[in-house]
Amino acid sequence: MNLIHRKICSSEKWAATVEERLAPWLKDRDLGDDVLEIGPGFGATTKVLLDAVPKLTVLEIDPASTELLRAKYGDRAEVVEGSGAEMPFADRRFSAVVCFTMLHHVPTRALQDAIFAEAARVLRPGGTYCGSDGQLNFRFRLLHIGDTMNVIDATTFPGRLEKAGFAQVSVDVRPRELLIFSAVKPG
């Protein structure tokens, strides 16, 4: 992340916005008893998830962010440093896998696809993979100058998730250019 992006994503204002948007969305979902969050960054989404799920594991690739997450939430969540494309977890461990506004930071389509496949691998049958990501607009592009920005194409995303092993795929682009998705690992 570039400096501006880091400043925004670590701000109290961002954390409040995330809570305002994510908490109602989570109330409509049963994520089960053991949830994995991929790429929590500074932990704004993690904070909200901790109040909504019984058990949370977070997987973060950035060492500095991992240490920050351990300091903030290590007493309430299992914090693991590692890549979503090569998850250090057993097959069928989690009831749900979630990721919020992080997929566009994955530099290649192949690595994104590896994350989808790994999410399917670590999910129990009937488990849900869901989350959100930004979509291309002028403000989003400005925020990512000098930063990784590999935006998910909403038209090809369902097929990519199906190829990774998911069914019941739902992809919706909402106002403000936000992509919301969910998929289920077949039983």
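Miscellaneous remarks
- The stretch 100-187: relative contact order as a whole-number percent, Cα under 8 Å and 6+ apart: 38
- Prolate/oblate/rounded call for the stretch 64-115, Cα gyration tensor, a/c under 1.5 rounded: oblate
- Across the stretch 86-187, the convex hull enclosing all Cα atoms gives 88 Å³ per residue.
- Hydrodynamic radius (Kirkwood) for the chain, which is based on Cα pairs only, to one decimal in Å: 16.5
- Segment THR155-ALA52, length gained on full extension (0.36 nm per residue, minus Cα span): 34.0 nm
- Using the Cβ-Cβ distance between LEU111 and GLN168 with R0 set to 22 Å, the FRET efficiency works out to roughly 0.35.
- When only Cα pairs below 8 angstrom with a gap of at least 6 residues are kept, the chain shows a relative contact order of 19 percent.
- Debye-formula intensities of the stretch 1-110, expressed as log10 I(q)/I(0) at q = 0.12, 0.14, 0.15 Å⁻¹, are -0.39, -0.54, -0.63 (one equal scatterer per alpha-carbon, no solvent).
- Difference of contour (0.36 nm per residue) and Cα-Cα distance, ARG6 to ASP28: 4.9 nm
- Three semi-axes of the equivalent ellipsoid, the stretch 33-81, Cα gyration tensor, whole Å, largest first: 16, 10, 9
- Cα-based Kirkwood hydrodynamic radius, the stretch 109-153, one decimal, Å: 12.6
- Calculated from backbone phi, Karplus (6.51, -1.76, 1.60) coupling profile of the stretch 59-66 in Hz, x at Gly/Pro: 10, 10, 7, 7, x, 5, 5, 4
- Sites LYS13 and GLU67, calculated FRET efficiency, Cβ-Cβ separation with R0 25 Å, nearest 0.05: 0.60
- Available extension along the chain between THR148 and ALA90 is 17.9 nm, counting 0.36 nm per residue and deducting the alpha carbon span.
Values quoted throughout were computed directly from the atomic coordinates according to the rules given, and no laboratory measurement underlies them. As the structure is a computational prediction, the values presented were derived from the model and not from experiment. All Cβ positions, even for glycine, are placed from backbone atoms using ideal geometry, and neighbour counts span all protein chains on display.
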